[in-house]
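Asks: Below you'll find the structure I mean.
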Amino acid sequence: MALDAFQDIFCRMIASSDYRARLIDNPEAEFDQHDLDAREKRRLTAMASHPGMRINTAIHRANRLTPLDQTLPLTCFLLGSRLGALLDRYWHCNPTENLQLPAECARFADFIVGELHSGRLVDPFVGEVLAFERACTELRFFSAEELASRTETQPRLPAKVRVLHFQHDPEPLLEALSELKPPPENLAEGDFHLAVDARSDEAVFRLLDPVAAAALLGSRNAL
């Protein structure tokens, strides 16, 4: 029995309803890519058609969605009805699970950034809200020593402090999303900087004026 191939197909059937549908419609096209005997093919075909597989897929997706809901709730809310199709593409491109919260947050964030850059996703707020939640997740889950070793962090700031750039006023934007409301109309646009200080048990958020932002980004001793 080609156990590895059998298990791989079974896992893919659970993870992807589209793959399962292709297997049901044309099993030989899928099986030809693997070293399977006749009994294995019969068993996999029967499992693919079993109604319980839909439940397995729903549970699988709920498990994969949980880390994103816990680390990027505002982004997920902002994406709204677009989230389902984005998750389908994301899970298709990333079939391997990683239920560690910061790792899955970073991987999905990279995927969304790619969607924004490609033009497949167009939204004036997603990029800055995503960057905010990704930074908050990193500050929450990584120690100061771990953050200091990450080359992408802002080098002039203490490891547990970030200054995030917004093109829209972050206070009403984040407040509305936290209350599960859409972004307010006519949000002020410009260069806004929000400091996130996680050096104590509770993170402190502060909107900076241009002088304070320049001073904070320019000197490690500004705080």
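Asks: Which angle from 0 to 90°, rounded to the nearest 10, does the C-alpha axis of helix 83-93 make with the longest principal axis of the chain?
Replies: 70
Asks: Which of [x] 160; [y] 117; [z] 139 is the computed volume of the Cα convex hull per residue in Å³ for the structure on display?
Replies: [x]
Asks: Another question, then. Would you list Phe31, Phe10 from the most to the least accessible area, probe 1.4 Å?
Replies: Listed by decreasing accessible area, they come as Phe10, Phe31.
Asks: Using only the alpha-carbon atoms, how far is helix 3-15 inclined from the longest principal axis of the chain? Give it as 0 to 90 degrees, nearest 10.
Replies: For 3-15 against the chain, the angle is about 60 degrees.
Asks: Which value, in debye to the nearest 20, gives the size of the charge dipole of the range 92-223 about its Cα centre, when Lys and Arg are +1 and Asp and Glu are -1 at the Cβ?
Replies: Taking the Cα centre of the range 92-223 as origin, the dipole is about 480 debye.
Asks: Would you calculate a helix-derived [θ] at 222 nm for the chain, using -39,500 (n - 2.57) for each DSSP H run of n ≥ 4 and dividing by the full residue count, to the nearest 500?
Replies: Helices in the chain give a 222 nm mean residue ellipticity of -18500 deg cm²/dmol.
Asks: Taking the Cα centre of the range 1-61 as the origin, how large is its charge dipole in debye, to the nearest 20, when only Lys and Arg (+1) and Asp and Glu (-1) carry charge on their Cβ atoms?
Replies: 380
Asks: Calculate the spin-label point distance for Leu99 paired with Asp37, positioning each point 7 Å from the Cα along the beta-carbon direction, and give it in nanometres.
Replies: The two pseudo-label positions are separated by 3.3 nm.
Asks: Give the carbon-plus-sulfur fraction of the accessible surface of the range 83-223 in %, rounded to a whole number; probe 1.4 Å, heavy atoms of protein chains only.
Replies: Roughly 53 percent of what the probe reaches on the range 83-223 is carbon or sulfur.
Asks: Okay, next question. Given a cut-off of under 8 Å on Cα pairs at least six residues apart, what relative contact order in percent is computed for the range 139-221?
Replies: Dividing the mean separation by the residue count of the range 139-221 yields 30 percent.
Asks: Using the Cα gyration tensor of the range 77-209, with a ≥ b ≥ c the square roots of its eigenvalues, what is the shape: rounded (a/c below 1.5), prolate (a/b larger than b/c) or oblate (neither)?
Replies: oblate
Asks: Using the heavy atoms of the protein chains and a 1.4 angstrom probe, tell me the accessible area per residue for the chain in square angstrom.
Replies: On a per-residue basis, the chain sits at 56 Å².
Asks: Based on Cβ point charges of +1 for Lys and Arg and -1 for Asp and Glu, what charge dipole magnitude is obtained for the range 92-164 about its Cα centre, in debye rounded to the nearest 20?
Replies: Here the size comes out at about 220 debye.
Asks: Using a 10 Å cut-off on Cβ atoms, rank the peptides 168-179, 33-44 from the highest mean neighbour count down.
Replies: In descending order of packing, they fall as 168-179, 33-44.
Asks: Normalised by the residues of the chain, what does the relative contact order come to in percent, with Cα pairs under 8 Å and at least six apart?
Replies: This gives 14 percent for the chain.
Asks: What residue among Phe31, Pro184, Gln167 has its Cα farthest toward the positive end of the dipole of the chain, where the charges are +1 on Lys, Arg and -1 on Asp, Glu, each on the Cβ?
Replies: Towards the positive end, the residue furthest out is Phe31.
Asks: Can I ask one more? Sort out for me the Cα centre separation of the range 64-141 from the range 1-29, rounded to whole Å.
Replies: One Cα centre to the other: 27 Å.
Asks: Let me ask something else about it. Viscosity 0.692 mPa s, temperature 37 °C: give me the Stokes-Einstein translational D for the range 41-106 in µm²/s, with Rh taken as the Kirkwood radius over C-alpha pairs.
Replies: Calculated translational D: 246 µm²/s.
The values are calculated or read from the model by the stated rules, or taken from the named source; none is laboratory data. All values derive from a computational prediction rather than experimental measurement. Counting neighbours? That spans all protein chains shown, and the Cβs are built from the backbone with ideal geometry, glycine included. We work out accessible area using only protein heavy atoms, side chains counted, and drop any ligands, DNA or RNA first. Shrake-Rupley method; radii C 1.70, N 1.55, O 1.52, S 1.80 Å.
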